[in-house]
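Enquirer: Right, I'll just put the structure down here and ask away after.
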Amino acid sequence: MTHPPTLILRQGQLLSPTGPSDCVDIAIEAGRITAIAPHLPQSAEVELNVQGQVISPPFVESHIHLDSAMTAGEPRWNQSGTLFEGIEIWRERKQSLTLEDVKERAIATLKQQAMQGVLFVRSHADVSEQTLTALKGLLAARDAVKDWITLQVVAFPQDGLYGGPQNEALMEEAMRLGADVVGGIPHYELTREDGVRSIHRIFELAEQYDRLIDVHCDEIDDEQSRFLEVLAACAIRTGMGSRVTASHTTAFHSYNNAYAFKLMGFLQRTSLNFIANPLINITLQGRADTYPKRRGVTRVKELWQLGQNVSLGHDCIQDPWYSLGTGNMLDVVNMAIHVCQMTGIPEIDACYNMVTWNGAKTLQVEPEYGIEVGKPANLIVLDASDRYDAIRRRATIRYVISQGKLIAQTTPPTPQWQGPEEVQSVFDQTGLLV
């Protein structure tokens, strides 16, 4: 006897990575998608008629620092707004970290993200302190949330792999404790030579422990910061490109075109992943400029046009580097569209893909990602008709389904005009109130 589905979504616009959306029903049973069709005749325990609204794979947060989330103003505020004052404030704050402090803030932030449709997250954990408290706290959070969100943890040497006598050994310990990804920050090493050396060591560790790589690469306005070429060279020589991510690369914004075009030729020989963090990059970079001020965001549009895999991250939520943020990935997409001047409809669609399918490719979770029969039932329903509508209005995430369970739902706001009747008549005729 065949059991009825536990959940059916009725008549939603199912997004695909490239083609037009299709109006379908989706059946879910035992945590997996069991059927997708224009109309499913069977009934289910729970049925949600989404009435032509968008059904999308969940959002992917490719780059965030959960160990520092929700610490803005502790012990003081970043008054200059610079990356480097943020690092100094965090150096003070992390002296008082406890495992429970990190774990509780991380879970609270993840819950906030999940409510807004994020079900896959890659977070960096500072491993520059002898106790490795930040890492241990995030590993504990990873285990605590595994039933409703997938968390990857990057071992990130905030002070440099060679910035202290114990840092290299701490990175190896982080691998043994179970970090998913090897991180780095070559532009913040004491010398360029140390920066190059750190990248080579990162690749060695990734091969030794069978880990992915995600490097904070050239997160600076200095056009002479050129560690991306070192990362690309190592990726070419090892063949590990698809397992390697270059985060930030904001110096790429400032490279002269002769060098940038040569570098892009090298990048086409790799399968490197790129992550831009437009909310934070536009805030931290260009602080030393008068006018004109640089945007400080990597060449997202050009990398996308080259066929490189580009995804987007929030980077910070209420921490020493960025006192704002809610975890809403549509805010990230909206900023990317503006600052990267990607306002054509195919470009807008591409920016949406950067927080969904592209992010899944960056995190290497593709086998478990996407809305297909047989895959885990991880999906979201947006109060929108398509990508453009979702981004333009910052659409409410109506339903969040994780591993087949409805874990969050939000009723969209319903504004009501209380002004003159003649204005109401214009609204009714034009649809501007909708």
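Read the figures in this text as sums done on the coordinates, not as results from a lab. What you are looking at is a predicted structure, and each value in this text was computed from that prediction instead of being measured. Here Cβ is always computed from backbone atoms with ideal geometry, including for glycine, and neighbour counts include all displayed protein chains.
Enquirer: Please list, or write none, the aspartates and glutamates whose alpha carbon is within less than 13 Å of the alpha carbon of Lys136, excluding same-chain residues fewer than 8 places away.
Expert: Asp67, Glu100, Asp101, Glu104, Asp126, Glu173, Asp180
Enquirer: Is the range 17-127 best put as rounded, prolate or oblate by its Cα gyration tensor, with a ≥ b ≥ c the root eigenvalues, rounded for a/c under 1.5, and otherwise prolate when a/b is larger than b/c, oblate when not?
Expert: Cα axes put the range 17-127 in the prolate bin.
Enquirer: Using the number of other C-beta atoms within 10 angstrom as an exposure proxy, rank Phe120, Phe261, Phe252 with the fewest first.
Expert: Phe261, Phe120, Phe252
Enquirer: Does the range 261-399 classify as rounded, prolate or oblate by the C-alpha gyration tensor (a ≥ b ≥ c root eigenvalues; a/c under 1.5 gives rounded; else a/b over b/c gives prolate, otherwise oblate)?
Expert: Oblate.
Enquirer: Quick one: among His124, His187, His338, which has the greatest mean-square fluctuation in a GNM of the chain with alpha-carbon springs under 10 angstrom?
Expert: Maximum among the listed residues: His338.
Enquirer: Something else: Provide Tyr209, Tyr291 in ascending order of the number of other Cβ atoms located within 10 Å of each residue's Cβ, fewest first.
Expert: Least to most surrounded, the residues fall as Tyr291, Tyr209.
Enquirer: Between the range 77-99 and the range 1-62, what is the separation of their alpha carbon centroids in Å?
Expert: 44 Å
Enquirer: Could you list the residues of the range 210-227 with an amide nitrogen less than 20 Å from a label point located 7 Å from the Cα of Ala258 in the Cα-to-C-beta direction?
Expert: Residues 222-227 fall inside that zone.
Enquirer: Rounded to the nearest 500 deg cm²/dmol, what is the calculated helix-only ellipticity per residue at 222 nm for the chain, with -39500 (n - 2.57) per DSSP H run of length n ≥ 4?
Expert: Helix-only estimate at 222 nm: -10500 deg cm²/dmol.
Enquirer: Testing the spin-label approximation: label points 7 Å from Cα along Cα→Cβ at Lys293 and Arg237. State their distance in nm.
Expert: 4.0 nm
Enquirer: Separate question: Could you give the length gained on full extension between Lys146 and Trp417, defined as 0.36 nm per residue of separation minus the Cα-Cα distance, in nm?
Expert: My answer for the length gained is 93.2 nm.
Enquirer: Still on this structure: Looking at the chain only, what percent of DSSP beta bridges run antiparallel? Nearest 5 please.
Expert: Percentage antiparallel, nearest 5: 40.
Enquirer: Between His39 and Thr343, how high is the FRET efficiency from 1/(1 + (r/R0)^6) when r is the Cβ-Cβ distance and R₀ = 35 Å? Nearest 0.05.
Expert: The calculated FRET efficiency here is 0.45.
Enquirer: A further question follows. Could you list Thr414, Thr18, Thr6, Thr298 in order of exposure, starting from the residue whose Cβ has the fewest other Cβ atoms within 10 Å?
Expert: Thr414, Thr18, Thr6, Thr298
Enquirer: Can you compute the label reach from Glu207? Point 7 Å from Cα along the Cβ direction, backbone N cut-off under 16 Å, restricted to the range 214-252.
Expert: What the label zone holds, given the 16 Å backbone N cut-off, is 231-244.
Enquirer: Next up: In whole Hz, with x marking every Gly and Pro, tabulate ³J(HN,Hα) for the range 244-254 from phi via Karplus 6.51 cos²θ - 1.76 cosθ + 1.60, θ = phi - 60°.
Expert: 10, 10, 9, 8, 6, 6, 5, 4, 3, 4, 9
Enquirer: Going by a ≥ b ≥ c, the root eigenvalues of the Cα gyration tensor, does the range 59-368 fall in the rounded group (a/c under 1.5), the prolate group (a/b larger than b/c) or the oblate group?
Expert: Cα axes put the range 59-368 in the rounded bin.
Enquirer: Now for a different question. Checking the cross-link filter: which lysines have an alpha carbon closer than 16 Å to that of Lys111, excluding same-chain neighbours under 8 positions apart?
Expert: Within the straight-line cut-off, Lys111 pairs with Lys103, Lys146, Lys405.
Enquirer: In debye, nearest 20, what is the charge dipole magnitude of the range 59-368 about its Cα centre with +1 on Lys and Arg Cβ and -1 on Asp and Glu Cβ, if you could check?
Expert: Roughly 540 debye for the range 59-368.
Enquirer: Please list, or write none, the lysines whose alpha carbon is within less than 30 Å of the alpha carbon of Lys293, excluding same-chain residues fewer than 8 places away.
Expert: Result set, ordered by chain and number: Lys262, Lys301.
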